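The values are calculated or read from the model by the stated rules, or taken from the named source; none is laboratory data. These figures come from a predicted structure and were not determined experimentally. Cβ atoms come from the backbone with ideal geometry, glycine included; neighbour counts cover every protein chain shown.
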Amino acid sequence: MNDKKIKILIVDDDVALRELYVEIFKNANYEVLEAGDGVDGLDIASKNMPNVIFTGIVMPRMDGFAMMEALKKTVMTANIPVVISSHMGREEDQQRANALGAKDFIIRDITRPIEVVERIGSIFAQSGGEYKLEFNPEKLDAKKIAKELNFQENFLCLDCNEQLVLNMKLTNAQERIFETRFVCPKCGWVAK
Ligand SMILES: [Zn+2]
């Protein structure tokens, strides 16, 4: 498969702030999606499978924490790393973010935007720049991809029948370019 940029979903109801981060992440060579609240964030996340979500907390309709809870309910979005963007950095928000498995908790009043990019980028630099993504074979263009790659449509390993995962490996840290391929988490089979 082709190299891909990291896809980030930025969720915030503060338009000016959101646009600022959209611009910064685009400049850092990310593919950027945006949403104005948790409802839209959830919808865009399930349709577009971002590699990471950067979300505010207080938003109309659905807040950032409720969105995280909802993301965990489906296999496809359950493992998307979420980074919280906090305005005031309240202790109780930090605790709730930890309990929900947030990858990072960024207090934006004391964090320069370039540091935000660095901290979010570091999620992908861990474990040798490799990043595994579970996905739902029923959704989106998975069936088309399966056909192109001569897979079984349900994306099971041809050797041991385990569900394949999408493996993303950082091939160019500076440009944040990933090589993506399907691998078997059980026997290590790799799609050519
Ligand atoms: Zn296998």
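A few points about this structure:
- Every pair of residues 6+ apart whose Cβ atoms lie under 7 Å, when the first sits in segment 104-124 and is under 13 Å from residue 94 (Cβ atoms) while the second is of a type in the set (Lys, Arg): 104/119; 106/119
- Residues satisfying the stated conditions in segment 82-102, i.e. touching a helix residue (DSSP H, G or I) at 6+ places or on another chain (Cβ under 8 Å) and surrounded by fewer than 18 Cβ atoms within 10 Å (Cβ to Cβ): 87, 88, 89, 96, 100, 101
- Positions within segment 56-84 being out of contact with any Asp or Glu (no Cβ under 7 Å at 6 or more places or on another chain) and not aliphatic (A, V, I, L, M), in sequence order: 63, 64, 65, 69, 72, 73, 74, 77, 81
- For segment 174-186, the criterion of being loosely packed, with under 15 Cβ neighbours inside 10 Å, touching an Asp or Glu at 6+ places or on another chain (Cβ under 8 Å) and at pLDDT 85 or above is satisfied by at least one residue.
- Residue check for residue 98: part of a helix (DSSP H, G or I), of a type outside the set (Ser, Thr, Tyr) and over 17 Å from residue 12 (Cβ atoms): yes
- Selected residue (criterion: nearest to residue 24 (Cα to Cα)) from residues of segment 97-110 that are modelled with pLDDT under 90 and not aliphatic (A, V, I, L, M): 108
- Residue in segment 132-151 that is modelled with pLDDT of 60 or more, touching a strand residue (DSSP E or B) at 6+ places or on another chain (Cβ under 7 Å) and on the phi > 0 side of the Ramachandran plot present: no
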